[in-house]
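What follows is a single structure, written as structure tokens, with notes after it.
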Amino acid sequence: WEATWQAHEGSILGDSYPEGGKVRTTSTYSWMQNTNYIRLKFRDEIAGKTVHEGLEIIGIDPKTKQPIQWLFSVIGGSGSGTWAKQNDTWMLTRNYTAGDGTTLEGVSHMRVIDEDTHTWQIKSMKENGKDMPDTPLVTFLRVKRDGQ
């Protein structure tokens, strides 16, 4: 999956995403052994240089039977969240602590358009309890590989 978007003032992860920077995000999803969890590797690049990357694990909480998520970032942060579906949108309510101790929370909205397209946006964001602007609405397109 791939998307291109423009960083805006007040972006999460601050200086790594200069205002106006054209960001290319790539995401690769794969089932982990026994298909109990999905592994998502993501990378953000600006001008061909990696500015952020990480790993997410998505699965079902065996106790609550609800979809859950864990996030691990190369900048030393980690977080978790829970998924819920509302109409045609999956919402991920997440909490994250950056490597410097900064806390981030928000709700990611993922809407499937078709089998090759989905949108993504984080809303109701807070950094250390302070309101932050929503991220841009980003459209991801499936990258077709030979033989797909």
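Taking a straight Cα-Cα cut-off under 16 Å and skipping sequence neighbours fewer than 8 places away in the same chain, the lysines within cross-link reach of LYS22 are LYS49. Across ASP134, ASP61, the residue with the most accessible area heads the list, and the full order at a 1.4 Å probe is ASP134, ASP61. The H on the amide N of GLY77, modeled in the peptide plane, is under 5 Å from the matching H of GLY99, each at least 5 residues off or on a different chain.
Our summary gives the chain a relative contact order of 16 percent, counting only alpha carbon pairs under 8 angstrom and 6 or more residues apart. In loop segments of the range 79-148 as defined by DSSP, the GluC sites (Glu not before Pro) with at most 10 further C-beta atoms inside 10 Å of their C-beta are GLU115. Counting charges near PHE42 (Lys, Arg +1; Asp, Glu -1) among other residues having Cβ under 13 Å from its Cβ returns a value of -1. Using a probe of 1.4 angstrom and keeping all protein chains present, the accessible surface of the chain works out to 62 square angstrom per residue. Note that the range 133-141 has calculated 3J(HN,Hα) couplings of x, 5, 6, x, 6, 10, 9, 9, 10 Hz, one per residue in order, obtained from phi through the Karplus relation 6.51 cos²θ - 1.76 cosθ + 1.60 (θ = phi - 60°); glycine and proline are x.
Could you work out the local net charge near ILE113, counting Lys and Arg as +1, Asp and Glu as -1, over the other residues with Cβ closer than 12 Å to its Cβ? Net local charge, ILE113 excluded: -2. Charge dipole of the chain (Cα centre as origin; +1 on each Lys and Arg Cβ, -1 on each Asp and Glu Cβ, all else neutral): 420 debye, rounded to the nearest 20. Straight-distance candidates among the lysines for linking to LYS65, with alpha-carbon spacing under 28 Å and chain neighbours fewer than 8 residues away dropped: LYS41, LYS85, LYS123, LYS126.
Only one of the listed values, (i) 11, 41, 28, 14, 5, 0; (ii) 11, 38, 27, 15, 8, 1; (iii) 11, 38, 40, 10, 1, was derived from the coordinates as P(r) over Cα pairs in 10 Å bins from 0, in percent; which label is it? Answer by label: (iii).
The values are calculated or read from the model by the stated rules, or taken from the named source; none is laboratory data. On a predicted model such as this, the values are computed, not experimentally measured, just so you know. Ideal geometry is used to build each Cβ from the backbone, glycine not excepted, and the neighbour counts take in all protein chains shown. Accessible surface is based on the protein model in full, side chains and every heavy atom, while ligands, DNA and RNA are left aside. Shrake-Rupley method; radii C 1.70, N 1.55, O 1.52, S 1.80 Å.
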